[in-house]
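The values are calculated or read from the model by the stated rules, or taken from the named source; none is laboratory data. Quick caveat: nothing in here was measured; it's all calculated off a predicted structure. Counting neighbours? That spans all protein chains shown, and the Cβs are built from the backbone with ideal geometry, glycine included.
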């Protein structure tokens, strides 16, 4: 079984395109390749009631749940709007990602 590769990576700034969190912006905290999902800081936040353990005090904990990767888009670093991602191979042979709207490297 092969695992899909995605253009969105940990640390990227993204905007949510669809769903109840449409328009929210945040940073990608985690990419879950097996389920094609991403965890975005400040998006899809839920409260979990946790039991106290020797390592955890317990109580009500807020955490982000994953959303599908197709519902988010990279934010263009130049003008701050959603953009697609392209790849270029430079003269020295390195592969870089760039924003298709402005041409800026990511």
Restricting segment 6-18 to residues that are in contact with a helix residue (DSSP H, G or I) (Cβ under 7 Å, 6 or more places away or on another chain) and modelled with pLDDT of 90 or more, the one farthest from residue 86 (Cα to Cα) turns out to be 18
Can you tell me which residue within segment 29-51, out of those that are outside any strand (DSSP E or B) and in contact with a strand residue (DSSP E or B) (Cβ under 8 Å, 6 or more places away or on another chain), is nearest to residue 104 (Cα to Cα)?
41
So which of 26, 11 is without any contact (Cβ under 8 Å) to a residue 24 or more places away in the chain, part of a strand (DSSP E or B), under 14 Å from the mean Cα position of the chain (by Cα) and under 30 Å from residue 105 (Cβ atoms)?
26
Which residue out of 75, 85, 89, 69 is more than 20 Å from residue 4 (Cα to Cα) and touching a residue at least 60 places away in the same chain (Cβ under 8 Å)?
75
Run residue 57 past the list (1) part of a loop (DSSP other than H, G, I, E, B); (2) more than 18 Å from the chain's Cα centre (by Cα); (3) surrounded by 11 or more Cβ atoms within 10 Å (Cβ to Cβ) and report the number of the one that doesn't hold.
(3)
Which count do you get for residues in segment 40-54 that are surrounded by 10 or more Cβ atoms within 10 Å (Cβ to Cβ) and either over 25 Å from the mean Cα position of the chain (by Cα) or more than 30 Å from residue 12 (Cα to Cα) (or both)?
1
